[in-house]
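Presented below is the structure to which this report refers.
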Amino acid sequence: MGQWTIPLKVLQSKSHHIRYLTLYTSWPPGTIQSTQLRELRITSSVLEKHLYLVHSNPQLTILSFHMDGQGYRNVKSTIEVLSRLTELQLGGLRSHSADLEQLFKKNAALEKLTVINPRPLQFDGCQPLASFTWLAVETWGEENQSGQVNLIRRCPNLTTVTLVLKSGLLDPVSRTLREHCPRLERIQCTHRSFRASRHTDEAQDADLGTLIQATPRLLHFTCKAMKLTNVVCQALLRHAA
């Protein structure tokens, strides 16, 4: 608040013009009066103090929500007001699969989902997510592997997937992509997925080769690896033939 250069009265009187809002620090009550927000990026602790931002903007299409407070259930009823989301980003989520499944069901036009470092999620009862075309599941733990596979299995129209995977855990994901995502064109692996692995270079090559071959329609493949090997090159060249 000490860095503000816009007088509070001006912000209050002109805030109805705001369409895109990022709020990671709590502001005085009533500062933002917008009822035309399209995109909201916020933390759970701030949202708990500004629930009206969601209730006053049911037309939101993009929500980025990072968990830093007590829990999702404190804001669950507020977030479930939304039904027009096309993009959803969830960070540090401490909730249950059923909560997200309900949110997916209410937002039938949802196309892009990012889930970062969640608690273990299973998605056993999740209905098909035919509207999803873009999925990023960024987590390090083996305990999330089955939930990640279950989620991918329910997204038959994916064109882009971003994963954080360790060597040795790639095979079930690659197999699921191959069997359930026929439209996949872009695969991204982030955060040095393979550097911390105990597996040999040969095993890493085999894992990457399997992932690259998970779709016949691959146009883009991004991965941070130690080196570009002949095995990986050959796997990529098969898509250029």
Exercise. What nm value, rounded to one decimal, do you get for the distance between Q127 and R84 when each label is placed 7 Å out toward the C-beta?
Worked result: 2.1
Seminar exercise, completed: Around S34 (Cβ within 15 Å, Cβ-to-Cβ, excluding S34; K/R +1, D/E -1) the net charge comes to +3
Seminar exercise, completed: When Y52, Y20, Y72 are arranged by how many other beta-carbons sit within 10 Å of their Cβ, fewest first, they go Y20, Y52, Y72
Seminar exercise, completed: Taking Lys and Arg as +1 and Asp and Glu as -1, residues besides S95 with C-beta under 10 Å from its C-beta add up to +3
Seminar exercise, completed: Ranked output for segments 123-135, 151-163 by mean other Cβ atoms within 10 Å, highest leading, reads 151-163, 123-135
Seminar exercise, completed: Taking 0.36 nm per residue of separation between A108 and Q213 and subtracting their Cα-Cα distance, the length gained on full extension comes to 34.7 nm
Seminar exercise, completed: Spelling it out for Q89: with amide H atoms placed in the peptide plane at 1.01 Å from N, the residues 5 or more places away or on another chain with amide H under 5 Å from its amide H are L63, S64, F65, T114
Seminar exercise, completed: Lys pairs in region 20-237 with Cα under 18 Å (8 or more apart in sequence, or on separate chains) total 5
Problem set entry | Solvent-free Debye scattering, log10 I(q)/I(0), computed from the Cα coordinates of the chain at q = 0.07, 0.09, 0.10, 0.16 Å⁻¹ | -0.28, -0.45, -0.55, -1.09
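Read the figures in this text as sums done on the coordinates, not as results from a lab. Just so it is clear, the structure is predicted and the values come from calculations on it, not from any experiment. Virtual Cβ from ideal backbone geometry, glycine too; neighbours counted across all protein chains shown.
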